[in-house]
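Quick notes on the structure that follows.
The values are calculated or read from the model by the stated rules, or taken from the named source; none is laboratory data. Keep in mind it's a predicted model, so treat the numbers as computed, not measured. Neighbour counts run over all protein chains shown; Cβ positions are idealised from the backbone, glycine included. Note: accessible area is taken over every heavy atom of the protein model, side chains too, but ligands, DNA and RNA are not part of it. Shrake-Rupley method; radii C 1.70, N 1.55, O 1.52, S 1.80 Å.
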Amino acid sequence: MSSGVRQIRLDKTITQLLEERALEDGKKKALDYFGFTLTWSNIDGGSSSFAHALKEMGMKKGDRVLLSLPPTPQFLISFLGIVKAGGIPFLVDPATDEKTLKTILQEAKVSYGVLSYDKVGDTQLCAAFQSSNMPELNKMILIVTGLLDLLPPVQQLTVASGMKISSHKVKEAKNWYILLDENLGKETLTYTLSQDICTVQYTRGRSGKPKGVVLTHENLVASAVQLSDVFRLTKSDVIFGAYPVTHVWGLMTTFGASLVAGASIAYLPLYDPLEAGRAVARADVTVFTGTPSMAEEFTNEENKKRKTSSLRLFVTFGGPLLRKTADSLAAFLGRDQKTVKIVNMFGLTESSGFLSICERTSDNFPNLGRPLRGTDLRVLDPEDLDREVKKGIGLLCAQGPQIFPGYLRGSGTNPFYQGSMITDDLVRVDDEGIISYVCRLDEVGEYRGETWPFEVRNLLLEHTGVKEVSIQPVTENPEEGGVRVLVLPQSNSALSEAELLEYYNSRRKTLPEIKTITVVDKL
């Protein structure tokens with residue numbers, strides 16, 4: 001572990017940490033982007049130049065900026081530049097649909113927008129802007145950039161061909177690259193406190209309704225310190241990430257953690273397993289961050305030929321990592337648990353950062369694992385929040401410096417009780433005090449009071465012959481309750497329903513017995 005990690009003060013702001021990193025490691029590589037590199041001084045200087053450009057356009061402290069870019073150098077420079085100029089970046093996924101964007105813009109009331117004009121394959125990154133005639137758009141100052149604008153011309157052609165990236169015209173807007181170039185060497189910085197809002201992250205979360213999650217500098221710095229700590233980062237580490245940086249998970253597992261430790265980042269604008277393999281080999285990546293499906297897709301025949309010996313840690317989040325997937329990943333890398341660590345992190349979609357981490361070596365993997373430093377997890381009775389559940393099913397509640405103070409007004413209800421954030425996650429506490437995820441609170445009604453379908457699905461997915469599982473409420477006789485279990489086998493598997501029933505019922509422990517499983521050829 002880097003000796004500097006525990007010395008980071010939580011009353012620092014993100015921009016203060018950046019300035020300190022640039023002073024200490026200004027010439028050190030901070031970012032690899034298809035082989036194009038930026039140092040910490042480049043990022044600090046570039047963000048100052050962008051901040052100056054925004055100030056020249058009239059930005060005042062507290063102005064709201066819609067920032068909708070994938071993981072790119074432009075995102076980091078824009079994010080930090082907006083904060084330095086006193087603005088508040090409102091992070092919105094570039095793939096957001098028009099209906100969701102309309103809801104966000106009506107509530108957010110942003111004055112500026114920074115987005116990409118590119119098309120990747122058949123996906124146009126700012127399609128919602130292109131197709132919309134919302135009056136809110138006419139009030140915004142738009143700044144656009146291309147995913148490959150910073151790369152040398154020859155490299156632009158190579159990358160564009162490999163990832164099927166093409167430029168696409170947008171409505172009248174200012175050019176990001178020209179703005180930066182015209183303001184090189186110029187600086188500006190607006191004074192902020194750690195308790196000030198640093199960003200607002202828009203997510204549809206599990207409810208499907210877009211919500212603006214308010215995050216302070218203190219929230220983000222705390223999350224960055226926690227992640228740098230559990231990843232045991234040093235300045236020699238390189239973190240790979242292609243998860244959306246408009247989500248706090250993608251932002252903090254890469255930029256936040258590297259900022260605290262002085263590590264480097266390798267970014268891809270969108271996840272492609274073959275490009276990920278090239279990035280790992282090219283940048284000597286040591287820490288891979290992404291979803292379980294990203295990790296699974298990484299284990300392909302082409303990547304098997306590439307150099308992966310630099311990898312020491314695989315971090316997955318956004319869903320449980322199945323043991324069979326973790327074991328398959330370790331086998332693919334050709335190393336044991338002593339030389340490569342595989343972990344799954346649990347976080348709150350509509351909150352901030354992560355709460356806990358579980359290692360593949362855990363006997364009860366996957367589960368919530370151990371809380372991150374400074375985080376307190378409790379399981380309370382949904383019917384009586386003053387009663388703590390020591391064994392059985394209850395509602396997960398959490399406290400920690402990384403947890404957000406609340407939603408943007410009108411965006412959602414602040415779910416706090418006696419200082420703890422009340423989640424919508426039901427979890428199970430076993431005899432040993434191990435906490436495992438069960439399901440969302442709103443799913444209980446769907447299954448007529450049953451609180452086990454998610455666990456059943458996970459257990460069946462651990463079978464090597466199972467590709468996918470669907471658990472559906474019984475609708476023919478709804479008064480009887482219950483569920484229907486459908487299993488899609490792997491293409492090379494000849495699974496029988498009797499075999500699956502025996503597999504499940506021999507491992508179910510506290511879960512209910514299942515009497516019928518149906519094997520299907522599609523879901």
(message) Checking PRO89 against (1) assigned to a helix (DSSP H, G or I); (2) in contact with a strand residue (DSSP E or B) (Cβ under 8 Å, 6 or more places away or on another chain); (3) open to solvent by less than 10 Å² (accessible area, probe 1.4 Å): exactly one of these is not met. Which one?
(response) (1)
(request) May I ask you to list the residues in segment 416-450 that are within 15 Å of VAL389 (Cα to Cα) and over 23 Å from the mean Cα position of the chain (by Cα)? (result) ARG428, VAL429, ASP430, ASP431, GLU432, GLY433, ILE434
(request) Taking THR192 as meeting all but one of (1) surrounded by fewer than 19 Cβ atoms within 10 Å (Cβ to Cβ); (2) assigned to a loop (DSSP other than H, G, I, E, B); (3) of a type in the set (Val, Ile, Thr), write down the number of the exception. (result) (1)
(message) I'm trying to understand the selection: among the residues of segment 304-328, which are outside any loop (DSSP other than H, G, I, E, B) and closer than 23 Å to SER236 by Cβ?
(response) LEU313, PHE314, VAL315, THR316
(message) When you check MET294 against the structure, is it assigned to a helix (DSSP H, G or I) and under 20 Å from the mean Cα position of the chain (by Cα), yes or no?
(response) yes
(request) Count, please, the residues in segment 206-238 that happen to be open to solvent by less than 30 Å² (accessible area, probe 1.4 Å) and closer than 25 Å to LEU441 by Cα. (result) 5
(message) Return the pair list, or none, for Cβ contacts closer than 6 Å from residues in segment 20-35 that are open to solvent by less than 10 Å² (accessible area, probe 1.4 Å) to residues that are part of a strand (DSSP E or B), at least 6 apart or on different chains.
(response) ALA30/LEU38; ALA30/THR39; ALA30/SER264; LEU31/LEU38; LEU31/ILE265; ASP32/ALA266; TYR33/TYR267
(request) Could you pull out the residue among GLU297, GLU301 that is at pLDDT 90 or above, among the charged types (D, E, K, R), within 23 Å of ARG457 (Cα to Cα) and surrounded by fewer than 20 Cβ atoms within 10 Å (Cβ to Cβ)? (result) GLU297
(message) Just to be sure I understand the filter: pairs with C-beta atoms under 6 Å, separated by 6 or more residues or on different chains, first member in segment 371-384 and assigned to a strand (DSSP E or B), second member of a type in the set (Gly, Ala, Ser). Which pairs pass?
(response) PRO371/SER356; LEU377/ALA398; VAL379/GLY394; LEU380/GLY394; ASP381/GLY394
(message) Quick test of your reading of the structure: GLN201 fulfils all but one of (1) part of a loop (DSSP other than H, G, I, E, B); (2) among the polar types (S, T, N, Q); (3) open to solvent by less than 70 Å² (accessible area, probe 1.4 Å). Name the failing condition by number.
(response) (1)
(request) Identify the residue in segment 486-523 that is under 29 Å from LYS391 (Cα atoms) and part of a helix (DSSP H, G or I) and, among all such residues, is nearest to the chain's Cα centre (by Cα). (result) TYR504
(request) Filter segment 49-75 down to residues that are open to solvent by 10 Å² or more (accessible area, probe 1.4 Å) and in a helix (DSSP H, G or I), then give me how many there are. (result) 3
(request) Take TYR407 and decide whether it is in contact with a Lys or Arg (Cβ under 7 Å, 6 or more places away or on another chain), touching a residue at least 40 places away in the same chain (Cβ under 8 Å), among the aromatic types (Phe, Trp, Tyr) and crowded, with 17+ Cβ neighbours inside 10 Å. (result) yes
(request) Scan segment 48-69 and report the pairs whose first residue is under 10 Å from VAL110 (Cβ atoms) and whose second residue is in a helix (DSSP H, G or I), with Cβ atoms within less than 7 Å and a gap of 6+ or a chain change. (result) ARG64/ALA108; VAL65/ILE82; LEU66/ALA108; LEU67/SER78; LEU67/PHE79; LEU67/ILE82
